[in-house]
Amino acid sequence: MEKDRDDTYRNVRFLFIKSVLSSLGDGMVAPFMSVYPILLGASPSDMGLIRSTTNFTQSILQTFWGRLSDLIGRRVPIIFFGSIIGALTWILMAYTDSVTVYILLIVIQTLAASAVTPVWTALIGDNTTSTDRARIVAHIRLWSLTGSIIAAAISGWISSISRGSGREVYRIPLIIAGSIGVASSFMVLHVKERGRTMARSKRSLLSLYDLKSLRQDSVFYDFCKVNAIASFTLSIAWPIFPITLGSILKLQPSMLTILSISQGLASLSIQRYVDRIIYRYGCEWVITLYRSILIIVPISYMLAEVIGQPLILVANNVVLGLISALGETAYTTYLLGIVNELERGERVAIYNVAVGITTTIGSFIGGYIAGVMEEYVGLIWATRIVYLVSMVGRVATAAMVREAIGRGARFSSKF
């Protein structure tokens, strides 16, 4: 018993280290990655394709990897190799000048991420309990945010002093991001996996989940269904945000860095209190608040276009940073709490696949609408039309999420 406690403490420590290093790598590219395709010459339709492709490839194989990790009782090897591949693509992106090649690299990177995402979440679940899960998830996010903010500031400084132009100013940050990502991958090898009961399943690794049996778990099924619909409405605006930043407002690297850091600092300021807020008010209240406030995001971008004032987006990112710190932790805590331990990797993957499919469709539709409307009303009004559509959808689905989460909260005393 004492040895298991020591192993768990040691594992959590290396999960922290891996998260911080990964956040340093991601933070290096966070300020500019959304507008990078525009610097390569991407159109609104291209942005929709890029975002929908990202959503699709990042989710399509998650069920396979999640189920595999449950069946073999191992998480670490999958996380290690997926992280290595994902990190190396940052370095290759630093030298591409083609939208087509960029999309190919994004496909490779997000396929690798599809292996890491559900298995990493399951590994956290394996090393936490219902009593300490929110606290550990919140603290991991706290230190990850710290690393991301530091890296974003360094990235902005490097880009601002670079003598290149266009995408060339971001070459060094991309190379640094890839190098740190490779280093972080090796940290997970120090996690010692305890013997777990392997999940027994008659399903093929490549088979889809039995929808009939999935519906029998009404709490999980409703959670997936409602959040997939709500995420569709969010994703309609996703390919349009970079167009506002890069093509309409034409923000410089310094302002892009400020936007990234402002959101990170806001999240960091509240992160240490997140677990206490969740324990006091419950996941239902936090997730409902999170979904409701997301309505302001397309409104803020539309106002920034109308007024021509990027400081509106700074304020938006501060609010978004505060609520995201609460919402993302609450979502992870809630999801890990409603799934069976022996199917944790698979169930997390199913949820991510459901959301991934709808956001793939939403992003493609958002980009397509903007591309078509640009021919009739111009780029600026095309983006505003998409923002309005997303805003209406966000309002309509916020109540649906609250009702579904409420049913789950009443079903289980954990929340």
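The values are calculated or read from the model by the stated rules, or taken from the named source; none is laboratory data. These figures come from a predicted structure and were not determined experimentally. Neighbour counts run over all protein chains shown; Cβ positions are idealised from the backbone, glycine included.
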Scan of the stretch 309-356 for residues that are touching a residue at least 40 places away in the same chain (Cβ under 8 Å) and of a type in the set (S, T, N, Q), ordered by number: Asn317, Ser324, Thr329, Thr332, Thr333, Asn352
Residue that is farthest from Arg13 (Cα to Cα) [pool: residues in the stretch 109-146 that are touching a residue at least 40 places away in the same chain (Cβ under 8 Å) and outside any helix (DSSP H, G or I)]: Ser130
Filtered residue count, the stretch 48-62, keeping only those that are of a type in the set (A, V, I, L, M, F, W, C) and within 23 Å of Glu346 (Cα to Cα): 3
Pair list, Cβ under 8 Å, 6 or more apart: the stretch 233-250 residue under 12 Å from Pro37 (Cα atoms), other residue crowded, with 24+ Cβ neighbours inside 10 Å and among the charged types (D, E, K, R): Pro239/Arg51
Cβ pairs under 6 Å, 6+ apart, first in the stretch 252-276 and without any contact (Cβ under 8 Å) to a residue 60 or more places away in the chain, second surrounded by fewer than 22 Cβ atoms within 10 Å (Cβ to Cβ) and not in a helix (DSSP H, G or I): Met255/Pro310
Given (1) crowded, with 19+ Cβ neighbours inside 10 Å; (2) among the small types (Gly, Ala, Ser); (3) modelled with pLDDT under 85, number of the condition Ser130 does not satisfy: (1)
In the stretch 280-306, the residues that are polar (S, T, N, Q) and either modelled with pLDDT of 95 or more or not in a helix (DSSP H, G or I) (or both): Ser300
Positions within the stretch 147-174 being polar (S, T, N, Q) and assigned to a loop (DSSP other than H, G, I, E, B), in sequence order: Ser162, Ser165
Residue in the stretch 328-372 that is nearest to Ser269 (Cα to Cα), counting only those that are surrounded by 20 or more Cβ atoms within 10 Å (Cβ to Cβ) and among the polar types (S, T, N, Q): Thr329
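Considering only residues that are modelled with pLDDT under 85 and not basic (Lys, Arg), look in the stretch 160-189 and name the one that is nearest to Leu320 (Cα to Cα).
To start, the set of residues in the stretch 160-189 that are modelled with pLDDT under 85 comprises 160-168.
If we keep only those that are not basic (Lys, Arg) as well, we get 160-162, 164-166, 168.
Values: Ser160: 26, Ile161: 29, Ser162: 30, Gly164: 32, Ser165: 30, Gly166: 28, Glu168: 30 Å.
Per the criteria, the residue is Ser160.
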Conditions (1) in a helix (DSSP H, G or I); (2) over 18 Å from the mean Cα position of the chain (by Cα); (3) over 17 Å from Arg141 (Cα atoms); (4) not aliphatic (A, V, I, L, M); number of the one not met by Gln309: (1)
Residue list for the stretch 382-402, filter: hydroxyl-bearing (Ser, Thr, Tyr) and more than 21 Å from the chain's Cα centre (by Cα): Thr383
Test: residue in the stretch 325-333 that is closer than 23 Å to Leu123 by Cα, modelled with pLDDT under 80 and among the β-branched types (Val, Ile, Thr): no
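For the structure I just gave you, tell me whether Val386 is among the aliphatic types (A, V, I, L, M), surrounded by 23 or more Cβ atoms within 10 Å (Cβ to Cβ) and assigned to a helix (DSSP H, G or I).
Values: among the aliphatic types (A, V, I, L, M): yes; surrounded by 23 or more Cβ atoms within 10 Å (Cβ to Cβ): yes; assigned to a helix (DSSP H, G or I): yes.
Here the answer is yes, as Val386 does meet what is asked.
Conditions tested, residue by residue: (1) out of contact with any helix residue (DSSP H, G or I) (no Cβ under 7 Å at 6 or more places or on another chain); (2) surrounded by 21 or more Cβ atoms within 10 Å (Cβ to Cβ); (3) under 16 Å from Ala134 (Cα atoms); (4) of a type in the set (S, T, N, Q).
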{"position": "Tyr281", "(1), (2), (3), (4)": "yes, no, yes, no"}
{"position": "Arg291", "(1), (2), (3), (4)": "no, yes, no, no"}
{"position": "Ile296", "(1), (2), (3), (4)": "no, no, no, no"}
{"position": "Tyr301", "(1), (2), (3), (4)": "no, yes, no, no"}
{"position": "Val314", "(1), (2), (3), (4)": "no, no, no, no"}
{"position": "Leu326", "(1), (2), (3), (4)": "no, yes, yes, no"}
Qualifying residue in the stretch 224-246 (condition: basic (Lys, Arg) and in a helix (DSSP H, G or I)): yes
Matching residues in the stretch 245-259 - criterion: being small (Gly, Ala, Ser) and either in contact with a His (Cβ under 6 Å, 6 or more places away or on another chain) or closer than 14 Å to Arg384 by Cα (or both): Ser247
Total residues in the stretch 356-382, condition in contact with a Phe, Trp or Tyr (Cβ under 9 Å, 6 or more places away or on another chain) and among the aliphatic types (A, V, I, L, M): 5
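Conditions tested, residue by residue: (1) closer than 30 Å to Ser160 by Cβ; (2) of a type in the set (A, V, I, L, M).
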{"position": "Thr8", "(1), (2)": "no, no"}
{"position": "Asp26", "(1), (2)": "yes, no"}
{"position": "Ile38", "(1), (2)": "yes, yes"}
{"position": "Ala42", "(1), (2)": "yes, yes"}
{"position": "Ser59", "(1), (2)": "no, no"}
Criterion (over 17 Å from Ala183 (Cβ atoms), charged (D, E, K, R) and either free of Cβ contacts under 8 Å to residues at least 60 places away in the same chain or surrounded by fewer than 22 Cβ atoms within 10 Å (Cβ to Cβ) (or both)) met by exactly one of Arg51, Arg74, Arg67: Arg74
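Assess whether Val101 counts as being out of contact with any helix residue (DSSP H, G or I) (no Cβ under 6 Å at 6 or more places or on another chain) and modelled with pLDDT of 90 or more. Spell out the reasoning first.
Values: out of contact with any helix residue (DSSP H, G or I) (no Cβ under 6 Å at 6 or more places or on another chain): yes; modelled with pLDDT of 90 or more: yes.
Yes.
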